[in-house]
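What follows is a short report on a single structure.
The values are calculated or read from the model by the stated rules, or taken from the named source; none is laboratory data. Because the structure is predicted, anything quoted here is derived from the model rather than measured. Note that we place each Cβ from the backbone using ideal geometry, even for glycine, and neighbour counts take in every protein chain shown. Protein only, heavy atoms only, side chains kept; ligands, DNA and RNA dropped before computing areas. Shrake-Rupley method; radii C 1.70, N 1.55, O 1.52, S 1.80 Å.
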Amino acid sequence: MPPQTTRRLAAVVVIGLSGLVSAAFAQAPVPDSPAIEQRVDAMISKLTLEQKIDLIGGEDSMFIRAMPAAGFPRLKMSDGPYGVRTWGPDTAYAGGIALAASWDPELVRRTGVTLGQDARARGVNFLLAPGVNIYRAPMNGRNFEYFGEDPFLSAHTVVPYIEGVQSQGVVATVKHYALNNQEWDRHNASSDADERTIREIYLPAFEAAVRVAHVGAVMNSYNLVNGVHATQNPFLNLQVLKKEWGFDGILMSDWDATYDGVAAANNGLDLEMPDAKFMNRATLLPAVQSGQVSQATIDDKVRRIFRTSIRFGFLDRAQLDLGKPLFNQQGRQVALDDARESIVLLKNEGNLLPLDPARVHTVAVIGPIAWPAVTGAGGSSTVTPYESVSLMAGLSNLLAGRVNVLYAGGLPTLEDFFRETRFSSSSAGGSSQADHSNAPNIKVEVFHNGTFSGPPDLQSAARIAHWTPSEWTPAATRRQSIRYTATFMPATSADYLIVAASGGDDAFKLLLDGKVVIDQPRREGQAPKSIEVPMTAGRSVQVELDYVPNSTTPDIGLGIRAVPDLVSDEAKQIARQADAVVIAVGFGPSTESEGYDRSYQLPYGQDALIREISAINKHTVVTLTGGGDVDTHRWLDAVPALLHNWYPGQEGGTAIAEILFGVRSPEGKLPISFARSWEDNPTHDNYYAPAVAPGEVPHVKYAEGVFLGYRYYTSMNKKPLFPFGYGLTYTKFAFSNLAVSPQSGAGEFSVSFDVANTGARAGAEVAQLYLGDPSASIKRPERELEGFQKVRLDPGQSQHVTLTLDKRSFSYWDETAHDWRADPGKFTVFVGDSSEDTPLTASLTLNR
């Protein structure tokens, strides 16, 4: 990355990211011009008011409707952001947080280019990507789509992504604007933050997307911001986006994120997707006729749609390019590079890694993520690849003929977990673990309402195993509630794992001996819930599961198993045989997804799997798949090596195998902070809103303000488990010769230093520059990222790095002046390889 790319975007004149702007491509959008506006005027003049209103509502889920009277074609969209996923199989690239973990804007640009090519091969005009919401807490179900906790890193990741996509004549759509930092109750919750927090943390990536990358479309989020839905929020849409940033593209809603047609029309929304439920003729024609909505407001929305389409060439060429392959081999290579550069080595005790194929004759691959390949998480980003490589297959391919690769899943699938649970009748007694009969010992009461009232229909069942991993299910045509009651008889005295799961918008409550142990209220989407409970052999437990489906067909599962019985005998046996074990754990489409928040703990049984296998074989490596940090305290001390591979895309198995066996050195650096516990996270006390009465808005207070992630840990002198920017490699690097020029000034400053590879093998390092303002007139973070550069060096090689600071680098948001402000005085420059490890420091003075 050239030095210019490390500058901070300026507030008025966006000069700080000028180095991110690439050379023009043949299909890239052209700037607006009088000629384009004249053409738009001519097109608008051919439409009636009714036709204009029709145009600003989507159709058939993924299209902007055609307007033949104006010579306007139907325009096609696709979900993203890590594959063009709506129209059949495609290349599955690494998730957004993985791209951020690469700290390599040029790799991100290559990913954007191939995504744009994939879109053109399918005739797609709008790619609904990228997502740039800030990583606030680990449970957010869509963290994996975004670029981490830092606004500077996010901004320098989103710009090349957008420029790459749009260089191919495809509109990128930056989302979800704004403060969409949780999936729990996302339609109803209000994200409440002061303006400084919003400006400094949550908007810079959007600002860079608009002012530097010139993104063609912005997507509003579902949530409310300070009590007003984003799709009708005048501060976000009118004041900031369109007035201050000068956005002249299309502001569209997320799918079904519009709640009031008139308010949305008057407050900046240009296009309601997926169809016109609110901004339609029935609502807006009377509003225009009464003067509640002006015709100029409607015309502006149509103008933006036409202007964007002309700038991207949609009216003058076919968007479908049949000369581009659907299975793009160039994209496949990019996907492999995404995975190679993003995987982070977090722990390597005793230099266990890299494994040596000359000494490791047998390796055991164990875990639910080992096979099949988990390329991404769930929701609208899910891509079905033409081919994908699992970790088991990647190791087998790499080591064929040299190392024996053994495999076992290690844990039962959730479906098997549910099917294999046996209940006893209340009078039967007997062992639930030994009794393999299919006796229908579960009493099932089906009520013809959602409140468990009135006389039920009585049925019986042998198990509760109707669950399928479906995020969205068809709405119920009739309301019902179902109560399952049974007796569970433990065969041994032990901790028992209980897992319950339902689908869609279902609700359920699980009671053991009359006590509620799991409570799942009705919310969009959900992950399976689990809990460990001690039980005593021969002492029966009364089980009641109260279930309210939101679909006509029940979609519920319940399983109980002793924790010592979770790990399969096969997994234990191959662990004993192996010279080294690789345990693949983490999340996947049914446990981390759009539409709901995931757990902070690993999914069911995985902690137990790590503990048991690592006790058998001390040469154990854990590979973690997921969108962020997890609770590791139950097992981290017992394993010598830990890799975080995020969601690595379709080539992840190949890349992980290469790193495990030293074909490549790990390059990734954390784009987030790993907390020692959830309680140590600065959002712990205010991530979820307090309970409210039905119909009231739950308000999520961003009480941590700008002290998020590493800004909190460094400022409060608290040590995270693994700091932001951290990542090990198989060589060593040293920093030296820090110089700042000038040492005193009012404009730009140049920060230079040397990075040397002092180890025995080639590798990559990310040099990071942080800036602190100890004399600020307000409370500021102890340090903030203001520059970085990735360098690749052979052993003994060094590189001189120069990074630039501009006025925005020193600035904070002044809430009184409603503008960026930099206090003159002494600043501290920190340089190193993470937010916690900055061996080089210097001072400079900012003059007025």
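Scanning segment 266-280 for residues that are touching a residue at least 60 places away in the same chain (Cβ under 8 Å) and of a type in the set (A, V, I, L, M), which turns out surrounded by the most Cβ atoms within 10 Å (Cβ to Cβ)?
Met279
Scan Leu844, Leu840 and give me the residue that is within 20 Å of Val751 (Cα to Cα), modelled with pLDDT of 95 or more and open to solvent by less than 20 Å² (accessible area, probe 1.4 Å).
The match here is Leu844.
Can you pull out the residues in segment 606-623 that are surrounded by fewer than 23 Cβ atoms within 10 Å (Cβ to Cβ) and either closer than 16 Å to Val374 by Cβ or of a type outside the set (Ser, Thr, Tyr) (or both)?
Asp607, Ala608, Arg611, Glu612, Ala615, Ile616, Asn617, Lys618, His619 - these are the residues of segment 606-623 that are surrounded by fewer than 23 Cβ atoms within 10 Å (Cβ to Cβ) and either closer than 16 Å to Val374 by Cβ or of a type outside the set (Ser, Thr, Tyr) (or both).
I need the full set of residues from segment 39-77 which are touching a residue at least 60 places away in the same chain (Cβ under 8 Å), over 37 Å from the mean Cα position of the chain (by Cα) and open to solvent by 20 Å² or more (accessible area, probe 1.4 Å), in order please.
If the condition is that a residue be touching a residue at least 60 places away in the same chain (Cβ under 8 Å), over 37 Å from the mean Cα position of the chain (by Cα) and open to solvent by 20 Å² or more (accessible area, probe 1.4 Å), then Arg39, Leu49, Glu50, Gly71 are the ones that fit.
Scanning for something open to solvent by 10 Å² or more (accessible area, probe 1.4 Å), among the aliphatic types (A, V, I, L, M) and either in contact with a helix residue (DSSP H, G or I) (Cβ under 6 Å, 6 or more places away or on another chain) or assigned to a loop (DSSP other than H, G, I, E, B) (or both), does segment 700-719 turn up at least one residue?
Within segment 700-719, one or more residues are open to solvent by 10 Å² or more (accessible area, probe 1.4 Å), among the aliphatic types (A, V, I, L, M) and either in contact with a helix residue (DSSP H, G or I) (Cβ under 6 Å, 6 or more places away or on another chain) or assigned to a loop (DSSP other than H, G, I, E, B) (or both).
Given the conditions (1) closer than 30 Å to Ala377 by Cα; (2) outside any loop (DSSP other than H, G, I, E, B); (3) open to solvent by 50 Å² or more (accessible area, probe 1.4 Å), and given that Phe508 satisfies all but one, which numbered condition is not satisfied?
(3) is the only condition that Phe508 fails.
Can you name every residue in segment 633-650 that is assigned to a loop (DSSP other than H, G, I, E, B) and open to solvent by 10 Å² or more (accessible area, probe 1.4 Å)?
Matches in segment 633-650: His633, Arg634, Pro640.
Just to be sure before I move on: is Thr758 among the β-branched types (Val, Ile, Thr), closer than 23 Å to Gly350 by Cα and surrounded by fewer than 17 Cβ atoms within 10 Å (Cβ to Cβ) in the structure I sent?
For Thr758, the condition - among the β-branched types (Val, Ile, Thr), closer than 23 Å to Gly350 by Cα and surrounded by fewer than 17 Cβ atoms within 10 Å (Cβ to Cβ) - is met.
Those residues that are within 33 Å of the chain's Cα centre (by Cα), among the small types (Gly, Ala, Ser) and either modelled with pLDDT under 95 or outside any helix (DSSP H, G or I) (or both), I need them from segment 256-315; list them, please.
Within segment 256-315, Ala257, Gly268, Ala276, Gly313 qualify.
Of the residues that make up segment 93-112, is at least one of a type in the set (S, T, N, Q) and part of a loop (DSSP other than H, G, I, E, B)?
Among the residues of segment 93-112, not one is of a type in the set (S, T, N, Q) and part of a loop (DSSP other than H, G, I, E, B), which makes the answer no.
Are any residues in segment 609-633 of a type in the set (A, V, I, L, M), touching a residue at least 60 places away in the same chain (Cβ under 8 Å) and over 21 Å from Pro720 (Cβ atoms), and if so, which ones?
Answer for segment 609-633, where residues must be of a type in the set (A, V, I, L, M), touching a residue at least 60 places away in the same chain (Cβ under 8 Å) and over 21 Å from Pro720 (Cβ atoms): Leu609, Ile613, Val621.
Return the residues of segment 625-657 that are closer than 24 Å to Ala393 by Cβ and over 15 Å from the mean Cα position of the chain (by Cα); say none if nothing qualifies.
Within segment 625-657, Val639, Ala641, Leu642, Leu643, Gln650, Glu651, Gly652, Gly653, Thr654, Ala655, Ile656, Ala657 qualify.
Being in contact with a strand residue (DSSP E or B) (Cβ under 6 Å, 6 or more places away or on another chain), open to solvent by less than 50 Å² (accessible area, probe 1.4 Å) and under 27 Å from Gln166 (Cα atoms) is true for just one of Leu241, Leu315, Leu251. Which residue is that?
Criteria check complete, one pass: Leu251.
Of the conditions (1) open to solvent by 60 Å² or more (accessible area, probe 1.4 Å); (2) assigned to a loop (DSSP other than H, G, I, E, B); (3) of a type outside the set (Ser, Thr, Tyr); (4) in contact with a Ser or Thr (Cβ under 8 Å, 6 or more places away or on another chain), Ile369 fails just one. Which one is it?
(1)
Kindly indicate whether any position in segment 656-667 is in contact with a Phe, Trp or Tyr (Cβ under 7 Å, 6 or more places away or on another chain), over 22 Å from Lys529 (Cα atoms), β-branched (Val, Ile, Thr) and part of a loop (DSSP other than H, G, I, E, B).
No - not one qualifying residue is present in segment 656-667.
Can you name the number of the only condition in (1) open to solvent by 10 Å² or more (accessible area, probe 1.4 Å); (2) among the charged types (D, E, K, R); (3) modelled with pLDDT of 95 or more; (4) not in a helix (DSSP H, G or I) that Asp185 fails?
Checking Asp185 against (1) open to solvent by 10 Å² or more (accessible area, probe 1.4 Å); (2) among the charged types (D, E, K, R); (3) modelled with pLDDT of 95 or more; (4) not in a helix (DSSP H, G or I), the one that fails is (3).
Looking only at segment 114-149, how many residues end up being among the aromatic types (Phe, Trp, Tyr) and assigned to a loop (DSSP other than H, G, I, E, B)?
The number of residues fulfilling the criteria is 3.
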